[in-house]
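Down below is the structure, laid out as structure tokens.
The values are calculated or read from the model by the stated rules, or taken from the named source; none is laboratory data. From a predicted model like this one, the values you see are computed outputs, not experimental measurements. Backbone-built Cβ (ideal geometry, glycine too); neighbour counts: all protein chains shown. Surface accessibility is based on the protein's heavy atoms, side chains included, excluding ligands, DNA and RNA. Shrake-Rupley method; radii C 1.70, N 1.55, O 1.52, S 1.80 Å.
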Amino acid sequence: MIHIVQEAYQIASQYGLVAMDALHVAAALSVGAEEFVTTEKRTKPMHRVTSINVVSIFD
């Protein structure tokens, strides 16, 4: 669990994500997810993340 929080902090710092979004991305990465589906529009910081394919349901 601590590893996910540390990873989330790194992701938030690097890509400008809010804490909850960074935690969600870190959790997805920790289980080896290939894709992260979100309701965030393409203009939001979550789409800056390069370590996982972020897909918006609005695309």
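Per-structure values
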read-out	value
Quotient of Cα Rg and 2.2 N^0.38 Å for the chain, N being how many residues it contains	1.02
For residue 38, distant residues with modelled amide H under 5 Å away	55, 56, 57
Carbon and sulfur %, accessible surface of the chain computed with the full protein complex present, 1.4 Å	56 percent
Distance between modelled label sites at residue 9 and residue 43, nm, 7 Å Cα→Cβ extension	3.3 nm
The chain: angle of helix 2-15 to the longest principal axis, Cα-based, in degrees nearest 10	50 degrees
Relative packing of 46-57, 29-40, which averages over residues the other C-beta atoms within 10 Å, highest first	46-57, 29-40
Length added when fully stretched, residue 20-residue 33, from 0.36 nm per residue minus Cα-Cα	2.9 nm
